[in-house]
1. Could you give every pair whose Cβ atoms fall below 8 Å, whose first residue belongs to the range 23-47 and is on the phi > 0 side of the Ramachandran plot, and whose second residue is open to solvent by 20 Å² or more (accessible area, probe 1.4 Å) and aliphatic (A, V, I, L, M), counting only separations of at least 6 or pairs across chains?
2. From the set of residues in the range 35-70 that are part of a helix (DSSP H, G or I) and charged (D, E, K, R), which is nearest to the chain's Cα centre (by Cα)?
3. Only one of (1) of a type outside the set (Phe, Trp, Tyr); (2) over 18 Å from Ile7 (Cα atoms); (3) exposed (fewer than 15 other Cβ atoms within 10 Å of the Cβ) fails for Ser22. Which number is that?
Amino acid sequence: MLSRILIFPFVLLVRFYQTAISPFTPAACRFEPTCSSYMIKALQTHGLFYGGFLGIKRIMSCHPWGKSGYDPVPEKKCNHKH
């Protein structure tokens, strides 16, 4: 629950970008899902710090000389001890 509260403002910022800014700029993301969708999913899956790191890393690699294609958010690893 605390994690959801912490990531909420960041998810809101990305959603604002998706609805108010992105429609007025040329489509330039080289990845699927888009970098903004990736950021939201990474925050929701991994929390503020690691999810934010993954999202920023993804945005930094989205340039003409970087990779492209399908790049999903990595699954969260379970730490169950048996």
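The values are calculated or read from the model by the stated rules, or taken from the named source; none is laboratory data. A quick note: this is a predicted structure, and the numbers were derived from the prediction, not measured. Neighbour counts are summed over all protein chains in view; Cβ atoms, including those assigned to glycine, are modelled from backbone coordinates with ideal geometry. Surface areas here come from the heavy atoms of the whole protein model, side chains and all, with no ligands, DNA or RNA. Shrake-Rupley method; radii C 1.70, N 1.55, O 1.52, S 1.80 Å.
1. Gly47/Leu6
2. Taking the candidates together, the pick is Lys41.
3. So Ser22 meets the others, but not (3).
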